[in-house]
Amino acid sequence: IGVIWSDVTARVPKGDLAYQRNDQRYRGKERWTGTLSRILLNIQRQRHGGAVLFAPDKSDDLSIKYTVRYARVGEALREMLYPSLRLGAVHLRREWRRLNGEKIRSNGVYDRGLILESERKDAEDALSGAIRFISSLAGVDGLVLVSREFDVLGFGVEITTKAEVDAVLVATSPQFEGVREVPANHYGTRHRAMF
């Protein structure tokens, strides 16, 4: 989320960020992990298996069968986060005015909030479509290669390295509260290739 977050915050007026930066950054991370979760759940629902690998596209250990540049997920996340940050500031300003006894009128602040909410909703719809598309790419034999910015770089990707991993660390809970070491040969061929 780091690159995406930096891109978004560079566009947001500094005054809007001052109100809510930590809270919104946490929400940005939630959106990033939520997006990955939705992709993986869609792949699981298709019942044919599949894998997503976050890695640079210049790796000698990857053979990319179908090269593609699909940046819609990162774009949609940016398009969602920007109005979300601005909306947070709009709501805080409205609340501040209300607490100070000002009458809230259907003027600039209210209208801007409606526009931002509409932009956020459009971005959510675009993200849902992008998630379905990426999930469908996983149906092709091989994995889906994705950059740190969540751009799809290729699919039908084969891992060509011959290096073996002896052990892996496995999360003990969905919140990654701890890990345990497990021998790699405990898993099947696909899992060992990913390791």
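The values are calculated or read from the model by the stated rules, or taken from the named source; none is laboratory data. For clarity, every value in this text was computed on a predicted model and none was experimentally measured. Ideal geometry is used to build each Cβ from the backbone, glycine not excepted, and the neighbour counts take in all protein chains shown. Quick note on the areas: whole protein, heavy atoms, side chains included, nothing else; ligands and nucleic acids left out. Shrake-Rupley method; radii C 1.70, N 1.55, O 1.52, S 1.80 Å.
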Selection from region 135-172 of residues that are assigned to a helix (DSSP H, G or I) and open to solvent by 40 Å² or more (accessible area, probe 1.4 Å) = 136
task = Determine which single condition residue 115 fails, assuming it passes every other condition in (1) more than 16 Å from the chain's Cα centre (by Cα); (2) surrounded by 16 or more Cβ atoms within 10 Å (Cβ to Cβ); (3) part of a helix (DSSP H, G or I).
result = (2)
note = When every residue in region 173-195 that is in contact with a helix residue (DSSP H, G or I) (Cβ under 9 Å, 6 or more places away or on another chain) and in a helix (DSSP H, G or I) is compared, the one most open to solvent (accessible area, probe 1.4 Å) is 185
task = For residues that are outside any helix (DSSP H, G or I), surrounded by 13 or more Cβ atoms within 10 Å (Cβ to Cβ) and at pLDDT below 85, tally how many sit in region 59-112.
result = 1
request  = Test residue 26 against the criterion of being open to solvent by 30 Å² or more (accessible area, probe 1.4 Å), out of contact with any Ser or Thr (no Cβ under 7 Å at 6 or more places or on another chain) and modelled with pLDDT of 85 or more, and give yes or no.
outcome  = no
